[in-house]
Amino acid sequence: MQAMLFGQFADPAVEARFQETARSLRLPFVRIYGVLFMLVALAYTIANPLFVSHEDVVTLALYFGAMLILCGTYIGVTFWPGYISRPAIDFAALLGIVFLLGHINIVLFDELIDLEEEMHAVGVMNRLSVSAFAAVALASRPRLFLLWIALDIVVFLSTVLAVQDHGAGLWYALLSYMSGAMIMIAINFAIDRSSRGAFALAEALEVERKRNEELVYNMLPVAAVERIRDGRLVADSYADASVIFIDMAGFTKLAQRVSPGHLVELLNTFFNHADRCAAQHGVEKVKTIGDAYLAIAGGNMTSRNSADAAIAFSRSVLDVVGELQQLAGVEVGLRVGIHSGPVVGGVIGATRMAYDYWGETVNMAARLEGTAPVNGIAISESTWLRAKDRAEFGPPHMEMLKGVGETCVYHAGPAQPKPAALPDISWVA
């Protein structure tokens, strides 16, 4: 929220935008008020010859004529594009209206005094001040305010008619009250509309804020978002995590055989299914890289056994292979690589931020994926040792991994590699 200084926004640019927006929203009501003042002036012009002397009728006609011209000009100027940025127009126009009303009241009161009219009904001015307060207090209940105005008129008439002659004083008081009541109704309506507009805008902004927050939390962990908001560095270390790397076998050749739209639909099916499986097994999606899906168990989303969670997640993802083949119309396969160990996670950069993971554990998972059978899983020895659910994995195999060397790997899936002779490690529970 912008800081406020003496009732204004501290930032001049924000204050200027606020003033422009507020004046634009008030514009229809300004025109309504102008029209109402013109109607009031016409009503008085019609009533004056019935009660006022000929000389004062001419004087009042000049004043009311000037008011009609002023109000008409004021309304016309509001259609000028430069009006919004010039509040001095309202200041000058309203000052002119008040000046004319002051002189009109002097003439009318002199006439009432000359006619020796009783002045009980003049108390209508005090009633209108209460009506102005009611217009504000009942701004969110326009029907209730209309009922209040109607009852106030009944009370006014029942009070005044008993003590006031039915002459010029009463009629001018009624005219003043009715014209004032119309203005109060317009004010009540304006406040109600503007308040509801502001509320609707606030509601829409809140919905948008929640939607944006959901998008942010889809990309970043909650704890990371809080630290970013506070301007803190986001860097975490996880001693025991299991990284899952899933890749689509033969994707390059597949991309040459199917249309781009078909390919995007295929990847969408794969990634959306993987997202659902991640949520089901408590696994955190890290990112997609081309046709590959990178996830982690035991990172920001804690897991009792990261290796078991990673294996269960991978098996669930492989269940979609049949659907992918049916959608593609050709043979499609997935390979999964899992490695367990320490990782470092955090957010780097200030644009297009994402929570990422780094370390040898991530690289090993990617290397292991290349050794997995199609529609199968390859896990490292460290993952096998951590896992309790290892029944589907066969005996260990030695694989040459780029940048790593010979590594002990366990496979599960339709294509089993040839076993290699290794020391007995069956004693591990």
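Please determine, by comparing only the residues of the range 337-364 that are among the hydrophobic types (A, V, I, L, M, F, W, C) and assigned to a helix (DSSP H, G or I), which one is nearest to the chain's Cα centre (by Cα).
Initial filter on the range 337-364 (among the hydrophobic types (A, V, I, L, M, F, W, C)): 338, 343-344, 347-348, 350, 353-354, 358, 362, 364.
Checking which are assigned to a helix (DSSP H, G or I) leaves us with 362, 364.
On the way: Val362: 37, Met364: 42 Å.
Once the filter is applied, the top-ranked residue is Val362.
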Note to self: With the requirement that a residue be of a type in the set (D, E, K, R), out of contact with any Leu (no Cβ under 6 Å at 6 or more places or on another chain) and surrounded by 14 or more Cβ atoms within 10 Å (Cβ to Cβ), what does the range 361-401 give you?
What the structure shows: Glu369, Glu381, Arg386, Arg390, Glu399
Check: Just for helices (runs of 4 or more DSSP H) wholly inside the range 242-333: which have at least 2 residues that are over 27 Å from Arg386 (Cα atoms), in contact (Cβ under 8 Å) with a residue 40 or more places away in the chain and not charged (D, E, K, R)?
Finding: 251-257, 260-281, 321-328
Check: Can you find a residue in the range 149-160 that is within 40 Å of the chain's Cα centre (by Cα) and either open to solvent by less than 80 Å² (accessible area, probe 1.4 Å) or modelled with pLDDT of 70 or more (or both)?
Finding: yes
Check: Within the set of pairs 6+ apart or on separate chains, which have a first residue in the range 373-393 that is without any contact (Cβ under 8 Å) to a residue 12 or more places away in the chain, a second that is surrounded by fewer than 21 Cβ atoms within 10 Å (Cβ to Cβ), and C-beta atoms under 7 Å apart?
Finding: none
Next item on the list: Please find, within the range 50-78, the residue that is least open to solvent (accessible area, probe 1.4 Å) out of those that are more than 19 Å from Ile97 (Cβ to Cβ) and in a loop (DSSP other than H, G, I, E, B).
Entry: Val52
Next item on the list: Look through the range 198-230, keep the residues that are open to solvent by 40 Å² or more (accessible area, probe 1.4 Å) and in contact (Cβ under 8 Å) with a residue 40 or more places away in the chain, and return whichever of them is farthest from Gly349 (Cα to Cα).
Entry: Ala223
Next item on the list: Hey, can you tell me all the residues within the range 365-391 that are in a loop (DSSP other than H, G, I, E, B) and either at pLDDT 85 or above or of a type in the set (S, T, N, Q) (or both)?
Entry: Gly370, Thr371, Ala372, Pro373, Val374, Asn375, Ala387, Lys388
Check: Which of the residues spanning the range 207-247 are more than 14 Å from Met353 (Cα to Cα), in contact with a helix residue (DSSP H, G or I) (Cβ under 7 Å, 6 or more places away or on another chain) and not aromatic (Phe, Trp, Tyr)?
Finding: Asp240, Ala241, Ser242, Val243, Ile244, Ile246, Asp247
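The values are calculated or read from the model by the stated rules, or taken from the named source; none is laboratory data. Everything numeric here is computed off the predicted structure, so don't read it as measured data. Using ideal geometry, Cβ is built from the backbone for each residue, glycine included, and neighbour counts are taken over all protein chains shown. These accessible areas exclude ligands, DNA and RNA; they are computed on the full protein's heavy atoms, side chains included. Shrake-Rupley method; radii C 1.70, N 1.55, O 1.52, S 1.80 Å.
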